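The values are calculated or read from the model by the stated rules, or taken from the named source; none is laboratory data. This is a predicted model, so every value here is computed, not measured. Reconstructed Cβ throughout: ideal geometry from the backbone, glycine too, with neighbour counts over all protein chains shown. What goes into the accessible areas is simple: the full protein's heavy atoms, side chains included, and nothing from ligands, DNA or RNA. Shrake-Rupley method; radii C 1.70, N 1.55, O 1.52, S 1.80 Å.
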Amino acid sequence: MKAKIALQLWSIQEMMQKDFFATLKQVKDMGYDGVEFAGYEGVQAKELAEFLKTIDLKVAGSHIGFEALEHRLEEVVAFEKEIGNQRIICPYASFKTLEEWQLFFSKMNSIQKRLAEVGMTLIYHNHSHEFTEIPTVSILDEMLQTVPNVKLEVDTYWVQNAGEQVIPWLEKHRSSIALLHIKDMLIMSDGEKESTEILSGILPIRSYVEWAKSADIPWLVVEQEAFQRLTPMESAAKNIQALKTIVEEVYV
């Protein structure tokens, strides 16, 4: 089955804050199949569900902070069920010691079990620090061992940024990967790295899409956090055009 393409709405957060519904419609008109939420700006679940149905925009998942998952899980479950979302994504965690990470894993395990009871999947989204924060320890591997039913939303940019070989890493963790974040990498003149539009950087995006096809990944999620010449909305439009072309070529 061909992977669908979603936009992580953090990429266009200022537009979402200014006009939530009009911006969702623009995302649909760009050609995205769905979105991955990063907050709801006070919009009620019923109203959002009706609007998404009206414009035929799917929910690929939602980034929900760990504090909300820990302290307001039933509220989260009710909202996400109303809008038709089954993928609950913890977007970030960082701790100085392995003991603190282990406590986090224990709490994630409890959250995962509750979400499974209502037919939802708990997913963790990586950055690069999970590879380097605790010397000699792979935090993501520790998480998968301690919370065996948690899934990963692998941000390919951050895996590369951590110095890992992306495709071998994906293959090693194939059974645990639920979603892929896709963005390109620009090397700046001072050697620093920034995300950039797909096919404007150095990353082998096509190989990631080919891997996604082999692993039957349902959603490729576009995210961009830095912008060099284009506005975030212009970048979102360029990204869907580039990624859709690659998907059409790969899924033949």
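Some notes on this structure:
- Of the strands (runs of 3 or more DSSP E) lying entirely inside segment 138-228, those containing at least 2 residues that are over 26 Å from Met15 (Cβ atoms) and touching a helix residue (DSSP H, G or I) at 6+ places or on another chain (Cβ under 9 Å) are 151-155.
- As a summary of the residue check, Ala60 satisfies the conditions (1) in contact (Cβ under 8 Å) with a residue 40 or more places away in the chain; (2) aliphatic (A, V, I, L, M); (3) touching a helix residue (DSSP H, G or I) at 6+ places or on another chain (Cβ under 9 Å) except for the one numbered (3).
- Scanning segment 115-134 for residues that are crowded, with 16+ Cβ neighbours inside 10 Å and more than 25 Å from Gly163 (Cβ to Cβ) returns Leu115, Met120, Thr121, Leu122.
- In the set (1) open to solvent by less than 10 Å² (accessible area, probe 1.4 Å); (2) touching a Lys or Arg at 6+ places or on another chain (Cβ under 9 Å); (3) basic (Lys, Arg), the condition left unmet by Lys151 is number (1).
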